[in-house]
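The values are calculated or read from the model by the stated rules, or taken from the named source; none is laboratory data. Since we're looking at a predicted model, the values are computed, not measured. Note: ideal-geometry Cβ built from the backbone for every residue, glycine included; neighbour counts use all protein chains shown. SASA here: full protein model, heavy atoms, side chains in, ligands and nucleic acids out. Shrake-Rupley method; radii C 1.70, N 1.55, O 1.52, S 1.80 Å.
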Amino acid sequence: MTDFARAVQDILAAGQRMDARGWVPATAGNISRKLDDGRIALTRSGGHKGFLQAQDIITVDANGKPHRPEDRPSAETLLHCQIYQMDPTAGAVLHGHSVASTVLSMVEKGPALYLSDYEVLKVFEGQSTHATTVPVPLFDNDQDIARLATVVVPSFGAMPAGYIIRGHGVYVWGKDMPTALARLEGLEFLLACALERRKLGV
């Protein structure tokens, strides 16, 4: 099996998992995996992530340019490319639109959400105890993705849990697809906890 074929399998499985948990409603979200030759395999624009087929996965270069002119990548492809450029260890990137990430990022006026004292924090790189606080930076939504990317740059190296675009969704990555999925699942669990605590007023 070729590396691209394995990447397609990884992306299809991730899409089904994210869809089953309500993290990619309608045609929201996008998923990518870096290939051994430096190309990036990712979901084409407009597809429902729970019903992806092999033909829904395309490849782009490190700058987000599709290898086939007829392929149309997501407008947010540049954010995937940026993660791979800024973190050479990244092998997969996941972007989802959960209720918790959307609501919390809209009601929180500060520059980040802070997650403290949860056992699940250990899923993030560099965390070895629950007795810690992990920031999740919040960036204002911007249809100019290149401009948004420049705003995100200064926070690289200081966001082990990924980041959130306000009213939009999360970006999480890892060395491979299983790691990225584990971090996404951990982050979504913690965001759901944070939302429940706000509802309870604690």
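Given Cα pairs under 8 Å that are at least 6 residues apart, what percent is the relative contact order of the chain?
20 percent
Out of all Cα-Cα pairs in the stretch 1-107, roughly what percent, to the nearest whole number, are more than 17 Å apart?
So the portion of pairs separated by more than 17 Å is 50 percent.
Provide the per-residue ³J(HN,Hα) series for the stretch 21-30, in order, calculated from phi with Karplus coefficients 6.51, -1.76, 1.60 and θ = phi - 60°, each as a whole number of Hz, with x at glycine and proline positions.
Rounded to whole hertz, the list is 9, x, 9, 9, x, 6, 9, 5, x, 7.
Might you tell me the accessible area per residue for the chain, computed with a 1.4 Å probe and given in Å²?
Here the per-residue accessible area is 47 Å².
Grab the alpha carbons of the stretch 154-202, take their convex hull, and tell me the volume per residue in Å³.
Output value, Cα hull per residue: 94 Å³.
Ala158 to Thr2: extension gain in nm, 0.36 nm per residue of separation minus the Cα-Cα distance?
52.7 nm
Which values of log₁₀ I(q)/I(0), to two decimal places, follow from the Debye formula for the stretch 1-43 at q = 0.16, 0.21, 0.27 Å⁻¹ with a uniform point scatterer at every Cα?
The calculated log intensity ratios at q = 0.16, 0.21, 0.27 Å⁻¹ are -0.42, -0.66, -0.90.
So which GluC sites (Glu not before Pro) in the stretch 93-202 end up in coil per DSSP with only 14 or fewer other C-beta atoms within 10 Å?
Of the GluC sites (Glu not before Pro), the ones in loops of the stretch 93-202 whose Cβ has at most 14 other Cβ atoms within 10 Å are Glu125.
Among bridges DSSP assigns within the chain, what percent are antiparallel (round to 5)?
So the antiparallel bridges amount to about 95 percent of the total.
Can you figure out the FRET efficiency of Glu196 with Arg147, using R₀ = 30 Å and their beta-carbon distance, to the nearest 0.05?
0.30
Just flag the chymotrypsin sites (Phe, Trp or Tyr not before Pro) in the stretch 142-202 sitting in loop per DSSP whose Cβ has no more than 10 other Cβ atoms within 10 Å.
none
List the residues whose amide H sits under 5 Å from the amide H of Ser45, counting only those 5 or more places along or on another chain, with H placed 1.01 Å from N in the peptide plane.
Sorted by chain and number, the residues that satisfy this are Arg72, Ser74.
What is the spin-label model distance, in nm, from Asp36 to Asn63 if the labels are put 7 Å beyond Cα along the C-beta direction?
Result: 2.7 nm between the two label points.
Among Ser105, Ser32, Ser128, which one shows the highest mean-square fluctuation when the chain is modelled as a Gaussian network with alpha-carbon springs under 10 Å?
Comparing Ser105, Ser32, Ser128 in the GNM, the peak value goes to Ser128.
For the chain, what does -39500 (n - 2.57) per DSSP helix run (n ≥ 4), summed and divided by total residues, give at 222 nm, in deg cm²/dmol to the nearest 500?
Calculated from helices alone, the mean residue ellipticity at 222 nm is -11000 deg cm²/dmol.
So what are the ³J(HN,Hα) numbers for the stretch 140-147, from phi and the Karplus equation (6.51, -1.76, 1.60; θ = phi - 60°), rounded to whole Hz, Gly and Pro as x?
4, 5, 8, 6, 8, 5, 4, 5
Please give the length that would be gained between Ala20 and Thr129 if that part of the chain were fully extended, namely 0.36 nm times their separation in residues minus their C-alpha to C-alpha distance (nm, one decimal).
Length gained, Ala20 through Thr129: 36.3 nm.
In whole Å, what three semi-axes, largest first, describe the equivalent ellipsoid of the chain built from its Cα gyration tensor (square root of 5 times each eigenvalue)?
Over the Cα atoms of the chain, the ellipsoid semi-axes are 27, 17, 17 Å.
About its Cα centre, what dipole magnitude does the stretch 1-87 give when the only charges are +1 on Lys and Arg Cβ and -1 on Asp and Glu Cβ, stated in debye to the nearest 20?
The dipole magnitude comes to about 180 debye.
Please compute the Kirkwood hydrodynamic radius of the stretch 92-168 from all pairs of different C-alpha atoms, in Å with one decimal.
Hydrodynamic radius (Kirkwood, Cα pairs) of the stretch 92-168 is 13.3 Å.
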